[in-house]
Amino acid sequence: MATVVITGANRGIGLEFVKQYLAKGDKVIALCRNTSDELSQTSAKVIVKVDVSSPECLERVLSTLGDLKIDLLINNAGVLANESLEHMSATTLEYQFRVNAMGPLLVTQMLRKQLVKGAKVALISSRMGSVTDNSSGGRYGYRMSKAALNIAGVSLAHDLKEQDVAVALLHPGYVQTDMVNNNGDISAAVAVERLMQRIEELNINNSGTFLHSNGEVLPW
């Protein structure tokens, strides 16, 4: 039985990760700002008031995990604002950086000593953070923050290698979640099944790779 810690676990992809890892028989620690009825009805240990945009909050809340040994850390919490060149604000740009890029890095940094030898860290990124793949523009804060997350993930892959901890940067696909008003082309269940397979295949030799949930290696 593995111990899995998941951020942004109250809905969408995060909630589906909770359900599917519990179904495997793993122990799941679900971190979120606020719980949901669906999450509360699971057997996961739920920890609320987790704001990944706040270092002070993370220090306070993550300390409650004590010396918990972690086999898999899934940094899933994220936000999306629909900015265009004509309509954007410094506030939304900064907030997306704090949640999407800084948050996963700080969570991993604060829990790194609790990652067991051979543990894995999954960063839920997006192909919208790919410079090469950007063919439509817009979505400035989201694209920039996910690109920042990607470079942080590559650095983590280097820095955690000595600890035998592998890191994956994972694009779920266009998933039917609240974040995109359920306009995606695959369900959260299918996306998570695929992501779990990518995590299963993750090892120290392919650590730091940017992957689509379907297994395709994505360009930076």
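We did not get these values from a lab; they are worked out from the coordinates using the rules stated. Keep in mind it's a predicted model, so treat the numbers as computed, not measured. No Cβ is skipped: glycine too gets one built from the backbone with ideal geometry, and neighbour counts run over all protein chains shown.
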Could you list, in sequence order, the residues of the range 103-131 that are closer than 18 Å to L31 by Cβ, assigned to a helix (DSSP H, G or I) and of a type outside the set (A, V, I, L, M, F, W, C)? G103, P104, T108, Q109, R112, K113, Q114
Apart from one, (1) more than 30 Å from M1 (Cβ to Cβ); (2) in contact (Cβ under 8 Å) with a residue 12 or more places away in the chain; (3) touching a strand residue (DSSP E or B) at 6+ places or on another chain (Cβ under 8 Å) all hold for A168; the odd one out is (1)
Near pairs, Cβ below 8 angstrom, 6+ apart or cross-chain, from the range 193-220 (surrounded by fewer than 18 Cβ atoms within 10 Å (Cβ to Cβ)) to any residue that is basic (K, R): I204/K161; H212/R127; N214/R194; G215/R194; G215/R198
Output the residue which, of all residues in the range 54-100 that are of a type in the set (G, A, S) and part of a helix (DSSP H, G or I), is farthest from R198 (Cα to Cα). A90
Among the residues that make up the range 161-178, is at least one of them in contact with a Lys or Arg (Cβ under 8 Å, 6 or more places away or on another chain), among the charged types (D, E, K, R) and surrounded by fewer than 14 Cβ atoms within 10 Å (Cβ to Cβ)? yes
In the range 62-98, the residues that are closer than 19 Å to L115 by Cα, surrounded by fewer than 19 Cβ atoms within 10 Å (Cβ to Cβ) and touching a residue at least 12 places away in the same chain (Cβ under 8 Å): T64, L65, D67, L68, K69, D71
